[in-house]
Structures are given as structure tokens and as C-alpha cells.
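Any read-out appearing in this document is the output of simple, stated calculations on the displayed coordinates, not a laboratory observation. Note that this is a predicted model, so its numbers are computed, not measured. Here Cβ is always computed from backbone atoms with ideal geometry, including for glycine, and neighbour counts include all displayed protein chains.
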Amino acid sequence: METLISNFSVGLFFWQAAIFIILIFLLRKFAWGPILTAVNEREESIEEALKSAEEARLKLAELKTDNQALLNETRAERDAMLKEARTMKDGILAEAKANASIEGDKIIASARESIQQEKMAAITDLKNQVAVLSIEIAEKILKDELSSAEKQKALIDNVVKDIVLN
Amino acid sequence: MRKNLIQHFILALLVVISFTTYAQHSNDEHAKSEEKAWGDLSKGERKAEIKKVINHHLLDDHDFTITHGVSFPLPVILWDNGLQIFMSSKFNHGETLAESNGNFYKVHHSKIYKTDAEGTITMDDHHHPTNVKPLDLSITKNVFVIMLMALFMFFIFKGVAKAYKSGPMPKGAGRFLEPLVVFIRDEIAIPNIGKKHYKRYMNYLLTVFFFIWFLNLLGMTPFGIGVTNNFAVTTALALCTFFITQFTANKNYWSHIFWMPGVPKLMRIVLAPIELLGVFIKPFALTIRLYANMTAGHVVLMSILGLIFVANSWIAAGPFSVLTLLLSILELLVAALQAYIFTMLTALYFGSAVEEHH
């Protein structure tokens, strides 16, 4: 301890203290200040970047679930639409079928009717023609029968003979 | 710009060294005569010689000795009835008297004493000189190294700070130094001082950490420039911590010293002087811890190296060299550890000074 004190160099102490204090102030202004500020700023910006990345991630996840919901909804809607279309198609088809058969029946019926009419007309026509022909035949026969007086007399006689006064 | 300055500085240093090597020649002959004597010395004398070398190594010096015989003089500044300024080359490594304005000075164990024209140094019973010691404000070896270190730190950290102007990431030395800065902030300052107050102490903590660490590492170089194993240096550092602690302390800190809350009144009176003593013991412990650790490291390393010369045999050189190497690696760890401990305890004291009432 004694040698420690006797060896104590006042000059060295003085210079050390002076230089060291000057060094502290110089470094504060030119080194530590800018370094610590830069490090702090960088750390803050990193923290901020991480935070915003996390936010973006959350947002993305949210968006994803939203998308999924939307997709599901759309899918359900599509399914419903398809189903509706199918039933509609069936309905239309069935209706069309029914309509077609009714129409067909109608056509058949009207055809049948017109055939009947045509047939009746043909029959009537035929009847008339038969009548005309029979008259014509009868006329020819009569003309022939009554072509001479003897024949007329014979006929009258024949008729008169039939007319027997009962 | 920064690179140029450093280059110029190194160049200047080299020039100074090459100019001063002229001294080597005469010293070599001197060394030869010593070497001859070394073999004839008894073991006890060798040990004494080595002890002298170690003690001299641990002391500050008025010359800057790079290696044996290669040195350059530094300015001597004395306050003795006015400023006395001359170069230390006047002492011729302590062998001659230096004369300045009619006053005569002599170096004895790296201290400057005022003597008469014949250079007589009178000793007391304990072999301490009784001559007058003028106030010595010389730029000694340690002061010179401290100045260089201050310049080095200033340019290095200024460069680190400048690199941030071009982008948020550190460049060059900053890549290595920035994690340490962040370490001091996150592991030393914030846990000990608290988030609220730590910012105002960061300048001091960072400066003191790098200053001690770099100087400790410099002490590991073969130039023998151990600055932190000097009691005056560690005292100055610890006093800085002490004054900053006292001047930034809040009411709560003082009340814990003079009127401890939460204990009986009688105990408060008993505790006050103990607490007050603690205020002074804390920086004293800081001083001694750093000084003793660094001194011990140097003494152990040099003693083991000295054993090679005590044994005076090539067989001893191998194992002791390996042991020195291993211990040097340990000392590298201690260099960082002591800087960390000093900074850590400083932060702890600052923390107690600004602790809020709870």
C-alpha cells in the first residue's frame, strides 16, 4: 500500500483524467450519439417491419377465410342453380311431352273427323250418283218399254190385270 | 480521409523509430557486457535481476522503449518554480543529470527528483529518496499511449458512426464493434440502470469499456505498455465513476445512505456511517480490482518467462514458453473480463444512484 501511494504518479493521473474526460465528450458527439441513434432507428424500423408483416399475414389469413367462404357460397349457389335448371328442364320436358301428346291426339282426332266427313261426303255422293244412275236406267227402261203402242197396251193390260177389283 | 490520417500517423511513428535506432548500437555493446555477466551470476542474483526488470516493466517511464535499446524520447514537463520543459533524452535513460534553467534533475526508479549539480540522491532508512520531487506532468510513456489510444478510439468510432450515414447496417470495424455496443446497452446498462435512465450513462459506459479493454489488450503486446496496471490510471477511471454517481444521484439514493428507510431509528444512525463508507469503498474497490488484476497478469507472465533465464537452460525454454502462451490466452480473456467487470459495476452504481423509490 505504501509503495502504491509513493509510486502514485500525479502527472499520469492528471493526464489520464483530462484525456479521458475529453475523449468521453468527443466520442459522445462524434461516435456514441450517431451510433446509438442509428442502432435504435434500425431496431425500431425492424420492429415496425415485423409488426406490419404480422399484420399483413393476419390480413391475408382473414382474406383467405373470406375467400373460402365466398367460394363455398358460390359453390352452393351454383349447385342450387344447377338443381333448379335441372328441375326446370324436367318440367319443361314433361310439359312439352304432355303438350305434344295432347296436340297429337287433337290432330289425330281432327284427322279422324275429317276422314269421317270425307267418307260421309263420298257415301252421299255415291248415293246420289246411284240414284241418278237408277233414274237414268229406269228412264231408259221406261223409254224402251213404252216405245210402241202395243207395248204400252200390253203394259196397261198387265197393270189392269193386276188391278183386280177385289 | 480517415485512412489517410491513420497511414500518416503510422508513417510518422516509423520515422521516429528509425531515427532513434541509432541508440541501439551503443546499447548492444552494453548488452553484450551484461550477457557475459549473466552466466556468471548466481541464481539468487539472477532472480533479483529479473525482479528488477519486472518492476521496471510495471512502472511508467519517461522514454518510449519499444524493445531493448530501441526507444525514443518523450517531453518532460515539470512544475518547479515555473514550467521546466525538456526532452527525456537529456536523462540518457536515467544515467545522466538533466539541467533546465539552472535546476538539476535525476531519474530514480522512473521518478524525477531534484538534485544538486552533482546529482546526489540522499536516502532515508527505508531506501526512499528524500530529495524534492517536483510536480511531474511529463508526457510519459503511459500518457503517450493514452493519447494514442484516445486518438485511435476517436477515429475508429467516428468511422463506425460515419458508416451509418450511407445505410442502416454497420460497415467495416462497425460490424465487429456494433454487437459490443449493443451488448453494453442491452446486457449492462439496461438491466442495471433501467430503461428510464440508462441513456444518459451510455456515453460513459461505452467509453470506459472500450478504453479499458483496448488498453488491456495493448498491454498484451510485447512493447510492455501496460497502462491499466498503473494505479494512477485506474484511480482516475474509478473517480470518474464516483463523481458521476454522486452528481447524478437522486433523493432516494441519499436517503438510503443517511436515513435508511424501513429500519428502526437507532439502526439508521448506525447504518449512516457504514453506508457513507461504502460510497467511498466502491470506487476504491474498482481501482484496486483493475489495477491488481492487470498487474498480477503481467507479473505472472513475466515471472514465468523469467524462469527460463533463471534456469539458464534451453530445456526450460520449451515448457515455459508453452506455459506463457497458455497464460497469455488466459490474459486475453482477463483483458476483456476486467473491462466488462469495471463497466458492469459502474453501471450497477449508476443504477443505485437513480433507483426510484419503491
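Observations on the model:
- Treating r as the C-beta distance of B:His357 and A:Asp90 and R0 as 60 Å, the FRET efficiency rounds to 0.10.
- Relative frequency of Cα-Cα separations exceeding 26 Å in chain B, percent: 63
- Approximate spin-label separation A:Ala49-A:Ala69, in nm, with each point projected 7 Å along Cα-to-Cβ: 3.4
- Across all Cα atoms of the stretch B:73-139, the radius of gyration (one decimal) and Dmax (whole number) stand at 11.2, 33 Å.
- Per-peptide average of other Cβ atoms within 10 Å, ordering B:171-182, A:19-30, B:202-213 highest first: B:202-213, A:19-30, B:171-182
- Take the Cβ atoms of B:Leu332 and B:Lys51, set R0 to 22 Å, and the FRET efficiency comes out at 0.30.
- Between B:Ile121 and A:Ile21, the FRET efficiency estimated from the beta carbon spacing at R0 = 35 angstrom works out to 0.50.
- Fraction in percent of alpha-carbon pairs per bin - 10 Å, the protein assembly as shown: 3, 11, 16, 16, 11, 7, 4, 3, 2, 2, 2, 2, 2, 2, 2, 2, 2, 2, 2, 2, 1, 1, 0
- Building the convex hull from the alpha-carbon atoms of chain A and averaging its projection over directions returns 31.4 nm².
- A Cβ-based charge dipole, computed about the Cα centre of chain A with Lys and Arg at +1 and Asp and Glu at -1, lands at about 180 debye.
- B:Ala292 versus A:Ala76: modelled label distance in nm, points set 7 Å from Cα along the beta carbon direction: 8.1
- Site pair B:Thr221 and B:Lys199 shows an inter-label distance of 3.7 nm when each label is modelled 7 Å from Cα along Cα→Cβ.
- Note on B:197-206: average number of Cβ atoms from other chains within 10 Å of each residue's Cβ is 3.
- With 0.36 nm allotted per residue and the present C-alpha distance subtracted, the A:Ala98-A:Gln117 stretch has 4.0 nm of extension available.
- Stokes-Einstein D in µm²/s, Kirkwood radius over Cα pairs - the stretch B:143-353 at 10 °C with 1.306 mPa s viscosity: 81
- 10 Å Cβ neighbours from other chains, averaged over peptide B:232-238: 6
- Chain A: angle of helix A:149-162 to the longest principal axis, Cα-based, in degrees nearest 10: 80
- Reach of B:Lys90 by Cα under 26 Å, taken over lysines that are not fewer than 8 positions away in the same chain: B:Lys32, B:Lys52, B:Lys106, B:Lys111, B:Lys114, B:Lys133, B:Lys141
- Potential extension, B:Leu135-B:Lys114 segment - 0.36 nm per residue separation minus Cα distance: 6.5 nm
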